[in-house]
Structures are given as structure tokens and as C-alpha cells.
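The values are calculated or read from the model by the stated rules, or taken from the named source; none is laboratory data. Computed from a prediction, not measured in an experiment: that's the story for all the values here. Every residue, glycine among them, receives a Cβ derived from its backbone with ideal geometry; neighbour counts consider all protein chains shown.
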Amino acid sequence: MRAPDTDLPIILSGITAKAGAVTILDNITQTIAAGPPTVLIGPNGAGKTTLLRVIMGLVAPDAGSVSWGSHNDPSQVRRAIVFQRPVMLRRSAAANIAYALGAAGVPRAQQPQRIADLLALVGLNGLSARPARRLSGGEQQRLALARALARDPAVLLLDETTASLDPAATKSIEDIIRAVAQRGVKVVMSTHDLGQARRLGGDVMLMHRGRVIEHGPAADFFAQPKTEQARQFIAGELLV
Amino acid sequence: MSGDTSALTLILSGDPGLYRIIALSLVVSLSAVFCAAVIGIPLGALIALTRFRGRDGVIVVLNALMGLPPVVVGLAVYLALSRSGPLGSLGILFTPQAMIIAQTVLVTPIIAALTRQTVEDLWLEYREELAAMDIGPAARIGTLVWDARFSLMTALLAGFGRAAAEVGAIIIVGGNIEGFTRTMTTAIALETSKGDLPLAIGLGIVLIAIVVVVNALAWAARRAGERYAG
């Protein structure tokens, strides 16, 4: 994995996204800088998933733009995403990674070593030949991470990656996220889990009803929230 | 009962004429399914993944073509291959090749329509993941067809069932010539009309057995494949 040299910071300028008459993202202007993971938190329907999809280029905003460090050509951005429920291709774990490597243009001769490295990184080296769809939920998420990392991303987007996992599986995913972030990959992730935001977040972005309510360093956000909504959310109260 | 006994005796006797008929039937039907798969699977996948004006109409027509009357297909292929037809110069009317063409016409819509539905359903599941990996249109088709391969086997079996059971088209374009274009279905029709029930019953038993065996083999292959690939 290479250092995020040219693709950061991610600059969101006036991002607005609508689904019919409903506004999903409302004029979001933020800068996501290089460094430890940026964690998007907020209640259901806050717009976290849509914002990640906009950054990934899977959803075109109705207004606004995303620019990337020294350029604003999305085709040059080394980015990858792991969905909350990743789809496993109907082939082995190793073949899933091989597929992603092939899509990323990695020469076939280099693939076996890359596959071994990625499987080792996510702790699946003993399961390379196992059909991907027969892996447990946690193993599938780790494989999805390996598949995303096969693209050698500068920016890794994670959408509620641990939402349906037990604590042990969640811990193994968090360990991988830490390892990936330490290698210089910018992680931008959404979660419902405030504890996870504390454990992993370098900065936290609280979203509600398509807007960013507060964005700042995780330590400050949790110790001294600037807004009443952030205080309520941290206290476990319902944001409606 | 005596007809049944005679039929079994005929099957077990190793009658070369009977086995020639069985072999030709298999060659014609399997060749037609192969040709129809080569055309129908990419066609169905292409329709599944592309959006164009009139697409709904194309899908309706494709689905309707699954019910093509064999005698109409036989007549159309006969006219095309007859001496004065556009393909008359090929000189293949009343040959096994003509029978394969007729059955390919019958089976292609079945395989294409079932492929279209299967691939479209899988595409809904895979769309974002493949988009996130920047997979291009041609590679998408290849990926979806490969990952749908076990489901597509059902489409191939449906096509084989149609081809193996079909008589109307091949009797028109093949002519039911003994030792050359006579298949199990055309022989059953002929022998029944002649009153030779033992041969007709024997061929009927073999035909059903072949269809069952082919389906059993396909099922076993599917289960083994699923165990390997998930």
C-alpha cells in the first residue's frame, strides 16, 4: 500500500443528493484530511451511506462536487469500498481476491504473492480455497476488506462494516482497520457504534438529516461536544 | 404387456438400427443445445445488462418465442433450406444438419430468455460491488454468466428437454429417412402410425431414460460444483 500522496485531502463542496422529493444530503461542505480514520456517525437515515457512495463515485450528487488533493479527476483516485453486506463472488476466497487484483490491472504473475499477503493481512490464510459464500459473516467481511485492499487504495471507505458482527469478529476487523490506517491508507468509515468511533476515530463527523452537525477531532468531540445534538447523541439520547 | 416385453427385448438385443436412432437423436439434440447456448447465453446476458428503447418489447417477444410451435419452425427452416430458398445452395435439407438448425431455432429463445432472467436477478445483487471494482461492460457479462453457471444449467436442461422431445420440426426438415435422419421421436411417430408398438414403446422408454440420466448427471455436476464454488 502506498502513502496517500495525491488523493488527499478529500474536499466536499456543497454536496446535495436527493431521492425524488427527499433530500438525502443537504449542502455538505467538508474536508477529510489525511491521517487516522474519519468516522461518520449518526442515526439511521442521516445520510452516512449515501455520502460514502458519493465519495466512491457510485452516486452522482445533484449538486456540489468532490475533489481530491492535487486533482479532481475521479478516474485517477485510488479508492475502494466495503459495503455493509458485501457480495461474495461464487468462487473461492483466493479467487475473489484474484478477481479484484485482475480488475485492478495487477499482472497475473504477481497475483499469487499478493493473494497470500492479503489473506495473511486479514487472517484468512488457512481458508484460501474455501468457497467465499461458505465463510462466516465475519470472515466474509475480512475477505471483502482484502478484496478492497487488492485495489491498493489511498482511500478506503467502510460502510457499517461491523454492523452485524459479534464482538470477536468486530475486534478482528478493527485490528485490520488499524493496521491498514498505519500503512498510510486513509479510512473513512460509518458506524452506529460510538465505542468503535472512540476506538478508531481520528476525527468524527456527526450527521443528522443529511447535514453534518459537527466535525472535529475524536477526543474533542467526545470530551467537549460543541452542539446540543452531539451531546444528546453521545449521551445515548435519540436524535429525531 | 406383450408390447412392453417385446420393447425390452428389442432394447436388450443390441439392435444396431435402434442404437443408430438413439445415437443420432443424441447428436442432434446435444448439438442443437450447444449451438443455442453459444447464441442464447450471451444474447440473454446482453439484454439483461443493457437498457435501450423497446427493451420491454424485446423481452416480451423473447419470452413468447419460448412457445414457438415446432411445426412452424420446421416449415420456416424448410423454406429457407429448400432448393429455391435463401440457403438452398447449402444443400443440407433432409440432413442431420438441417435438423440441428431447426432445433437450434427452437431452443435458443428458451436459453436466452432464462439466461436473461437469471443474469438480471444476479446483476441486482452484484451491481454496486462490480461498479466499485470498475468492472467494464464486457467483463460484467462474463462475471455474471460465470457466477450464474449453476442456475444456467437449468436453462440448458430446459433446452435439452425441448430438443429431445421435439418431433414436428425435425420430421419436416429431416424427412425421417431410415438410417440417416430418423430419430427416436420421429421413429416413435412413424412406428405408432404403422402399428409397430414394441419399437415405439422401446424408443419411448429409452428416450425417457436418457432425459432422466442427463438431468441426473447435470444435477450431480451442479451439486459438486456448488460444493466447490459455493
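Annotations
- Per-region count, region A:198-221, residues outside any helix (DSSP H, G or I) and either without any contact (Cβ under 8 Å) to a residue 60 or more places away in the chain or charged (D, E, K, R) (or both): 6
- A:Asp175, sole failed condition from (1) surrounded by fewer than 16 Cβ atoms within 10 Å (Cβ to Cβ); (2) outside the structural domain of A:Phe233 (by TED's automatic domain parsing): (2)
- Any hit, region B:169-184, residues being under 30 Å from A:Ala103 (Cα atoms), at pLDDT 95 or above and not charged (D, E, K, R): no
- All of (1) of a type outside the set (Lys, Arg); (2) surrounded by fewer than 18 Cβ atoms within 10 Å (Cβ to Cβ); (3) in contact (Cβ under 8 Å) with a residue 12 or more places away in the chain hold for A:Gln224 with one exception: (3).
- Test: residue in region B:60-79 that is crowded, with 20+ Cβ neighbours inside 10 Å and not in a helix (DSSP H, G or I): no
- Strands (runs of 3 or more DSSP E) lying entirely in region A:1-104 (those with 2 or more residues that are more than 14 Å from chain B (Cβ to nearest Cβ) and surrounded by fewer than 16 Cβ atoms within 10 Å (Cβ to Cβ)): A:10-19, A:22-32, A:63-68
- Test: residue in region A:23-33 that is under 13 Å from the mean Cα position of the chain (by Cα) and modelled with pLDDT of 95 or more: yes
- The residues of region B:162-220 that are β-branched (Val, Ile, Thr), in a loop (DSSP other than H, G, I, E, B) and crowded, with 16+ Cβ neighbours inside 10 Å, listed by number, are B:Val167, B:Thr181, B:Thr183.
Let's see how each residue does on (1) over 18 Å from the mean Cα position of the chain (by Cα); (2) outside the structural domain of A:Thr161 (by TED's automatic domain parsing); (3) charged (D, E, K, R); (4) farther than 30 Å from B:Val145 by Cβ:
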{"residue": "A:Gly35", "(1), (2), (3), (4)": "no, no, no, yes"}
{"residue": "A:Leu40", "(1), (2), (3), (4)": "no, no, no, yes"}
{"residue": "A:Leu51", "(1), (2), (3), (4)": "no, no, no, yes"}
{"residue": "A:Val66", "(1), (2), (3), (4)": "no, no, no, yes"}
{"residue": "A:His71", "(1), (2), (3), (4)": "yes, no, no, yes"}
{"residue": "A:Ala95", "(1), (2), (3), (4)": "yes, yes, no, no"}
{"residue": "A:Ala116", "(1), (2), (3), (4)": "yes, yes, no, no"}
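- For B:Ala229, the conditions (1) surrounded by fewer than 17 Cβ atoms within 10 Å (Cβ to Cβ); (2) within 14 Å of chain A (Cβ to nearest Cβ) are fulfilled apart from (1).
- Unique match (being within 12 Å of chain B (Cβ to nearest Cβ), under 16 Å from the mean Cα position of the chain (by Cα), within 30 Å of B:Gly136 (Cβ to Cβ) and surrounded by 23 or more Cβ atoms within 10 Å (Cβ to Cβ)) among A:Leu157, A:Leu145: A:Leu157
- Close contacts from region B:205-230, counting a first residue that is within 12 Å of B:Leu157 (Cβ to Cβ) and a second that is surrounded by 15 or more Cβ atoms within 10 Å (Cβ to Cβ), with Cβ to Cβ under 7 Å and a gap of 6+ residues or different chains, come to B:Val211/B:Gly161; B:Val211/B:Ala164; B:Val214/B:Phe160; B:Asn215/B:Leu157; B:Ala218/B:Met153; B:Ala218/B:Leu157; B:Arg222/B:Phe150; B:Arg222/B:Met153.
- Residue in region A:185-197 that is more than 14 Å from chain B (Cβ to nearest Cβ), under 19 Å from A:Thr49 (Cβ atoms), part of a helix (DSSP H, G or I) and among the small types (Gly, Ala, Ser) present: yes
- First in region B:122-149 and farther than 21 Å from A:Leu52 by Cα and more than 9 Å from chain A (Cβ to nearest Cβ), second anywhere and β-branched (Val, Ile, Thr) and assigned to a helix (DSSP H, G or I), Cβ under 7 Å, 6 or more apart: B:Leu144/B:Val119; B:Val145/B:Ile41; B:Val145/B:Val119
- Scanning region A:115-127 finds no residues that are in contact (Cβ under 8 Å) with a residue 60 or more places away in the chain and in contact with a helix residue (DSSP H, G or I) (Cβ under 6 Å, 6 or more places away or on another chain).
- Filter result (within 29 Å of A:Ala163 (Cα to Cα) and either among the polar types (S, T, N, Q) or crowded, with 21+ Cβ neighbours inside 10 Å (or both)) within region A:105-123: A:Ile115, A:Leu118, A:Val122
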